[in-house]
Amino acid sequence: MGHKTLILGIETSCDDTAASVVGNGRDVLSNVVSSQESFHQRFGGIVPEIASRRHLEVINPVIDEALAKAGVTFADLDGIAVTYGPGLVGSLLVGVSAAKALSFSLDLPLVAVNHLEGHIYANFLTGATIAFPLICLIVSGGHTSLLHVKGHGQLEVLGRTRDDAAGEVFDKIARALGLGFPGGPVIDQLAQQGEGEKFSFPRALMGTEGKLDFSFSGVKTAVLNRIRREKEQGKPLPLNDLCAAFQDAVVDALVEKSARAVEYLQPRQFLLAGGVAANGELRKRLRFRLAPLEVEVIYPPLEYCTDNAAMIAAAGYYYLRQGSLASYDLNAEPGLDLENP
Amino acid sequence: MLLLALDTTTTVCSVALGDEGKLWAEYSLNISKTHSQRLMPLLVDLIRDTGVDKKKIEGIAVTTGPGSFTGIRIGMATALGLSQGLGVPVVGVTTLDALAWAGIFSPGLVCPVLDARKDQVYFALYRGGGDVPQEVEPARAASLETLSETVSRHGEPALFLGDGLDRFRAALRSAAGSLYREIPAFSRLNRASLVLQEGFRIWQERGPAPAYALNPFYLRLSEAERRFQEKSR
Ligand SMILES: [Zn+2]
């Protein structure tokens with residue numbers, strides 16, 4: 001096997017413009033992410049129109065940089081993979097339009113990748129051998145889902161959040177505590193110095209057998225109420241303890257539902273994916289809780305937990321091998337789901 | 001010089017291919033369907049039907065606005081992707097400058113008008129009758145009152161065109177009164193051949209844009225920026 005199959009991945013679903021070159025769906029030759037964080041800070045959140053404008057300004061240089069860092073040219077590529085949903089429609093359209101134009105002008109096959117599925121493939125960049133069927137927990141700012149993955153592109157949703165996504169709740173609590181955006185990393189850090197037992201927040205485990213859905217709005221409301229009451233007392237907020245107790249509640253729910261899914265389906269491997277997969281407490285508790293269940297727990301490297309194009313290129317490699325190519329009438333699908341990838 | 005032109009800034013999705021002296025082909029759709037789904041298939045057909053080797057294309061001309069923000073980005077992201085993949089330069093053309101070519105035979109005023117939503121229009125004034133349209137009033141986003149004041153100030157008949165007529169014809173007609181003239185439907189809307197024409201002119205005059213330095217001509221701030229500026233005033 002001389003030649004590696006090289007895929008250029010393009011990802012613009014939210015506020016990061018990313019491009020990457022990946023060999024054989026595993027070897028990351030380059031991984032370029034241009035963050036827009038500073039552009040949105042003054043508005044206190046991501047502004048879709050501004051995100052779209054910024055994507056258009058940087059996408060071509062980002063692609064050039066990904067090629068240069070990988071030490072390859074367009075002529076070395078075997079295909080182009082692009083995120084077509086879910087996400088912000090204006091942002092997605094910039095990536096999709098660029099990818100189609102490149103595919104056409106270079107006569108390269110085009111692959112359309114579901115962003116959420118892309119997150120799963122971040123685990124293929126660990127060097128570990130991934131074998132189906134397996135269970136995957138996707139946790140991010142927009143999604144919280146437990147999946148039964150039976151093969152490439154064969155997904156069954158076991159459970160999903162009925163209200164807020166876990167990452168979204170981290171952001172909201174961080175904002176209420178004045179910790180800035182994104183909230184996950186700061187809360188994770190402060191929680192390490194706090195004692196979770198000082199407060200007690202609801203777990204929302206929703207007993208019914210086989211039901212693997214999540215709910216985080218109860219935790220959110222309880223924590224927000226607590227913060228308000230603490231503030232009313234006029235004393236400095238017990239930041240560390242609040243963070244620890246809140247994080248415990250969210251992580252508990254994620255870990256417990258994951259364990260139930262593993263007990264029920266008894267897979268060999270369990271994958272963690274999405275931005276919240278970077279959370280140290282979640283990683284630790286999952287490994288601890290799943291260890292007796294004889295399941296191998298795999299996490300993506302930290303840099304591939306957040307949005308990136310390497311995971312899109314990795315997913316694209318398997319689609320390309322299967323011959324599932326996109327046509328040029330490909331559109332952005334902002335509401336794309338996991339049920340029908 | 002073989003130039004490929006694209007336009008997706010308004011309700012029309014249009015592609016054209018031509019040399020300076022010859023328009024090889026032009027495909028246009030005005031069916032208000034997603035440009036993102038239509039643009040590339042139109043382009044693939046255009047290249048296939050003309051039998052032109054795409055590696056012979058020497059440059060891309062694209063409308064940079066004003067128009068629909070999303071439409072501007074679909075066209076520009078495609079043009080820049082083609083430019084990157086084919087290794088050829090891009091020339092940016094404003095939607096109104098391109099449209100003005102449809103009125104080149106008129107010696108009087110030519111007024112392209114685009115629907116800018118929020119009860120506003122994008123417009124500019126040109127004078128036809130020469131070799132190229134001469135700009136008389138620069139492009140702006142404005143109310144219909146501003147448009148009618150501007151036209152009345154010049155006190156001569158003006159030839160209106162553009163997709164702004166679809167929504168504002170009655171209002172424009174009453175605002176411009178006896179000065180109102182209209183280009184017939186067959187030549188009223190954006191077409192990539194007009195973009196090609198203006199693209200050649202700009203290319204000869206000042207050359208294409210340096211790589212990736214093509215600026216969108218939104219002509220209006222995003223809603224969030226507008227509100228932010230108002231607050232910080
Ligand atoms: Zn993501």
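No lab work stands behind these numbers, since they all come straight from the coordinates. These numbers were taken from a predicted model, which means no experiment stands behind them. Methodologically, a virtual Cβ is constructed for each residue, glycine included, from the backbone with ideal geometry; neighbour enumeration extends over all protein chains shown.
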Legend entry - Computed magnitude of the charge dipole of the protein assembly as shown (debye, nearest 20; Cβ of K, R +1, Cβ of D, E -1): 800 debye
Inset, instruction - Evaluate peptide A:89-102: per residue, the Cβ atoms of other protein chains within 10 Å of its Cβ; return the mean as an integer. - result: 6
Inset, instruction - Using only the alpha carbon atoms of chain B, find the Kirkwood hydrodynamic radius as the inverse mean reciprocal pair distance, in angstroms to one decimal. - result: 18.0 Å
Inset, instruction - Can you check what the net charge comes to around residue A:58, using other residues whose Cβ is under 12 Å from the Cβ of residue A:58 (Lys, Arg +1; Asp, Glu -1)? - result: -3
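Given +1 on the Cβ of Lys and Arg, -1 on the Cβ of Asp and Glu, and no further charges, what dipole in debye does the stretch A:130-301 carry about its Cα centre, rounded to the nearest 20?
Taking the Cα centre of the stretch A:130-301 as origin, the dipole is about 180 debye.
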Inset, instruction - Could you work out, for chain A, what percent of all Cα-Cα pairs fall into each 20 Å distance bin, beginning at 0 Å and stopping at the bin that holds the largest distance? - result: 32, 56, 13, 0
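Multiply the residue gap between residue B:49 and residue B:211 by 0.36 nm, knock off their C-alpha separation, and tell me the result in nm, one decimal place. Walk me through the numbers before you get to the answer.
Details: separation 162, 0.36 × 162 = 58.32 nm, distance 2.91 nm.
That pair, residue B:49 and residue B:211, stretches by 55.4 nm at full extension.
Can you give the Kirkwood hydrodynamic radius of the stretch A:130-301 from its Cα pairs, in Å with one decimal? Mind showing how you got there, number by number?
On the way: mean 1/r = 0.0612 Å⁻¹.
Taking every pair of different Cα atoms in the stretch A:130-301, averaging 1/r and inverting gives 16.3 Å.
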Legend entry - Largest-first principal axis extents, alpha carbons of the stretch A:157-230, Å: 37, 24, 22
Inset, instruction - Using a cut-off of 15 Å between beta-carbons, work out the net charge of the residues near residue A:310 (Lys and Arg +1, Asp and Glu -1, residue A:310 not included). - result: -4
Legend entry - Simple label model, 7 Å out from Cα along Cβ direction - residue B:24 to residue B:186, nm: 2.6 nm
Inset, instruction - Place the peptides A:18-24, A:125-131 in order of packing, highest mean first, counting for every residue the other Cβ atoms within 10 Å and averaging per peptide. - result: A:18-24, A:125-131
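With the alpha-carbon atoms as the only input, what is the per residue convex hull volume for the stretch B:1-58 in Å³? Please report the intermediate quantities before stating the final value.
Numbers: hull volume 4.6 nm³, N = 58.
Hull volume over Cα atoms, normalised by residue count, gives 79 Å³.
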Legend entry - Under the Karplus curve 6.51 cos²θ - 1.76 cosθ + 1.60, θ = phi - 60°, whole-Hz ³J(HN,Hα) for the stretch B:178-195, x wherever Gly or Pro sits: 6, 8, 6, 10, 9, 6, x, 3, 5, 10, 8, 9, 4, 9, 5, 5, 5, 5
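Which pairs break 27 Å Cα to Cα here: B:33/B:56; A:257/A:284; A:69/A:172; A:100/B:118; A:69/A:284? Each step should come with its number before you reach the end.
On the way: B:33/B:56 30 Å; A:257/A:284 16 Å; A:69/A:172 37 Å; A:100/B:118 32 Å; A:69/A:284 34 Å.
Result: B:33/B:56; A:69/A:172; A:100/B:118; A:69/A:284 exceed 27 Å.
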Inset, instruction - Evaluate the distance, in nm, between pseudo-label points positioned 7 Å from the Cα of residue A:4 and of residue B:135 along their respective Cα→Cβ axes. - result: 4.9 nm
Inset, instruction - Calculate the spin-label point distance for residue A:154 paired with residue A:27, positioning each point 7 Å from the Cα along the beta-carbon direction, and give it in nanometres. - result: 2.9 nm
Inset, instruction - Report the one residue of A:134, A:196, A:297 whose Cα lies farthest in the direction of the positive end of the charge dipole of the stretch A:130-301 (charges on C-beta: Lys and Arg +1, Asp and Glu -1; origin at the Cα centre). - result: A:196
Legend entry - Over the stretch A:130-301, relative contact order from alpha-carbon pairs under 8 Å, at least 6 apart, %: 27 percent
Legend entry - Extension gain from residue A:263 to residue A:327, taking 0.36 nm per residue of separation minus the Cα-Cα distance: 19.0 nm
Legend entry - Sites residue B:204 and residue A:339, calculated FRET efficiency, Cβ-Cβ separation with R0 56 Å, nearest 0.05: 0.55
Inset, instruction - Report the normalised scattering of the stretch A:214-341 as log10 I(q)/I(0) at q = 0.11, 0.14 Å⁻¹, calculated by the Debye formula with identical scatterers on the alpha carbons. - result: -0.60, -0.87
Inset, instruction - Enumerate the amide H contacts of residue A:183 below 5 Å, restricted to partners 5 or more residues apart or on another chain; note that Pro and chain-start residues carry no placed amide H. - result: A:171
Legend entry - Calculated over the stretch A:1-140: convex hull of Cα atoms, volume per residue (Å³): 120 Å³
Inset, instruction - Any chance you could list P(r) for the stretch B:101-199, counting all Cα-Cα pairs in 5 angstrom bins from zero, rounded to whole %? - result: 3, 14, 26, 29, 19, 8, 2, 0
Inset, instruction - Return the FRET efficiency for the residue pair residue B:169, residue B:37: r is the Cβ-Cβ distance, R0 is 41 Å, and the value is rounded to the nearest 0.05. - result: 0.90
Inset, instruction - List the relative contact order of chain A as a percent without decimals, with contacts defined as Cα pairs under 8 Å and 6+ residues apart. - result: 26 percent
Legend entry - Average partner coverage of B:48-57, which counts Cβ from other chains inside 10 Å: 1
Legend entry - Length-normalised contact order for the stretch A:199-309 - Cα pairs under 8 Å, 6+ apart - percent: 26 percent
Inset, instruction - Would you work out which of B:76, B:21, B:112 lies farthest towards the positive end of the dipole of chain B? Charges go on Cβ: Lys and Arg +1, Asp and Glu -1. - result: B:76
Inset, instruction - Normalise the Cα radius of gyration of the stretch B:1-138 by 2.2 N^0.38 Å (N = residues in it) and let me know the number. - result: 1.07
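What's the Kirkwood radius of the protein assembly as shown in Å, using all Cα pairs?
Answer for the protein assembly as shown: a Kirkwood hydrodynamic radius of 25.9 Å.
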Inset, instruction - Would you mind checking which residues have amide H under 5 Å from residue A:159's amide H? H placed 1.01 Å from N; only 5 or more apart, or other chain. - result: A:146
Legend entry - Within chain A, helix-based [θ] at 222 nm, where runs of 4 or more DSSP H residues each add -39,500 (n - 2.57), nearest 500: -13000 deg cm²/dmol
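Set the Förster radius R0 to 51 Å, insert the Cβ-Cβ distance between residue A:284 and residue B:143 as r into 1/(1 + (r/R0)^6), and round the FRET efficiency to 0.05.
Values: r = 61 Å, r/R0 = 1.19.
After rounding, the FRET efficiency stands at 0.25.
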